[in-house]
1. Counting Lys and Arg as +1 and Asp and Glu as -1, each charge on the Cβ, what is the dipole of the stretch 22-195 about the Cα centre in debye, to the nearest 20?
2. Can you tally the net charge around Thr69? Count Lys and Arg as +1, Asp and Glu as -1, for every other residue whose Cβ sits under 13 Å from the Cβ of Thr69.
3. Given R₀ = 22 Å, FRET efficiency for Glu303-Glu401 by Cβ-Cβ distance, to 0.05?
4. Which residues does a label at Val269 reach in the stretch 275-295, if reach means a backbone N under 15 Å from a point 7 Å past the Cα toward the Cβ?
5. Estimate the FRET efficiency between Glu220 and Ser173 by the formula 1/(1 + (r/R0)^6), using the beta-carbon distance for r and 45 Å for R0, to the nearest 0.05.
6. Magnitude of the Cβ-charge dipole of the chain, K/R +1 and D/E -1, about the Cα centre, nearest 20 debye?
7. Give me Rg/Rg_expected for the stretch 39-183, where Rg uses Cα atoms only and Rg_expected = 2.2 N^0.38 Å with N residues.
8. Provide the per-residue ³J(HN,Hα) series for the stretch 376-386, in order, calculated from phi with Karplus coefficients 6.51, -1.76, 1.60 and θ = phi - 60°, each as a whole number of Hz, with x at glycine and proline positions.
Amino acid sequence: MLLAAVLACLCGAVSCAPGEPKWGVLSAENALVGSRLYHAARVSDTFQYIDLGDVPGGQQTIEPKVACTVKGCAHSDDSCPAYIRGLTCWARDPKPGSHKLWYAQMRTYFDAELKKGVRHNVIACLKPQSGETATVLWDWKYAIDQLLLYGEEIYFLSKNEEGTHDIWVMPQSGGEPKLFVQAHGADIIMLGMEDGVLYYMSEDGGVFRAPRNSGAAQPERILTCEMPTGIFVYGGYIYYPVRYKGAPEYELLPAAETDENGEPIKPAVAVNCYDYYRIKVTGGEPKPVITGVQATIGSLISEGRLYCPAWDFEYYGSVMSEGGATYYFSRSSGKVWAADLSGGQSAELIMSPSKYGYAGIDIAAIYAVTDKYCFLKLYDTLAAYQTGEEIKPRYALLEKESGKISTVGFDSRYAS
Ligand SMILES: [Zn+2]
């Protein structure tokens, strides 16, 4: 119901030509395809997934499956279609109902004639349900660091001679790539694509729009962002964080402990506090969307909502060692805010310890939200303080109704 309302609202704001795709899909390490949540990390990894339609109940850890249908496969060499040694980036297929996974890979092999290792870069496509793989670009000279799938096209970010990146475009069916955006001195990354316009950012913070059929026209600069992360193109707007003007550089956390002289210890933590703004993709006056955002990484826009880890420090305590004191605190206090982008500026707390009864976690990133689940990266800071263990991130699935958090074992090498 929410999705239908948002789609209706978005399509009312722009004229959609029939048959014309609306959104592009940018590469990411996690993506929902149907009920499957896929994961693959950069450089040497397998495509793994968990099925959100079939999450085992009562388990603390959900073991992922490898996206491979070969019987008896160890998923450890090139004979496995889901084992992508030298993976540089991947994206799900944008077409509704498609299960294809597009990826770029740096393949290395030993050339017997040249008597040395040879590298080449490819773009390929995996159909995980059948195990079929098709390579559509061979022998590309430079590493491909980002993919963007739009309609029947593949846009890719490729290194050049200068070590910066250019954007190229080619048909999904294969063929010669064409240069789409050339970096002039400053490096660039792709931000997204909507209604036939690709948006990218240069290292000086400039956000540019480049229509797909613009020929030799210069891309237009829309705005300058101070932060290089957390920028989204969505529903006719560009969303971006702006450092909160009133925020101090650091904050002193109240602590019950005292030092050897009996003076209270007040650990200082660096403050990253931002407001989210949005501006029309054609430019204009920026408007605030949500205030008090902790981080510029780890946020997500999905189905009409902006999700952010909250900015709410909680101090647990310190542990003394020879190297000095280690202070344990949560930045988010386990809270996630969601702002409805279709109207108003209110944000609601969709995750919090008081709602769910958990405590002591720090949410670092939100990757996917469905009707039933949030898929997150979090740190168990309170447990680390209590046990003295190293603070390590884990992927976790939160069931929204019950508040149950399960660890998702992505990134571990295993055979199944
Ligand atoms: Zn395999």
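1. Details: 17 positive and 22 negative charges, 76 e Å.
Here the size comes out at about 360 debye.
2. Numbers: positive: Lys65, Lys71, Lys127; negative: Glu132.
Net local charge, Thr69 excluded: +2.
3. Numbers: r = 18 Å, r/R0 = 0.81.
According to the calculation, E is roughly 0.75.
4. 293-295
5. 0.90
6. Numbers: 37 positive and 49 negative charges, 215 e Å.
Computed about the Cα centre, the dipole is about 1040 debye.
7. Numbers: Rg = 16.7 Å, N = 145, 2.2 N^0.38 = 14.6 Å.
Taking the Cα Rg and dividing by 2.2 N^0.38 Å, one obtains 1.14.
8. After applying 6.51 cos²θ - 1.76 cosθ + 1.60, I find 9, 10, 9, 10, 9, 6, 5, 4, 5, 5, 6 Hz.
The numbers here are math on the coordinates, done by the rules we state, and not lab data. Keep in mind the model is a prediction, meaning the values are calculated, not measured. Cβ coordinates were reconstructed from backbone atoms using ideal geometry, including for glycine residues, and neighbour counts include every protein chain displayed.
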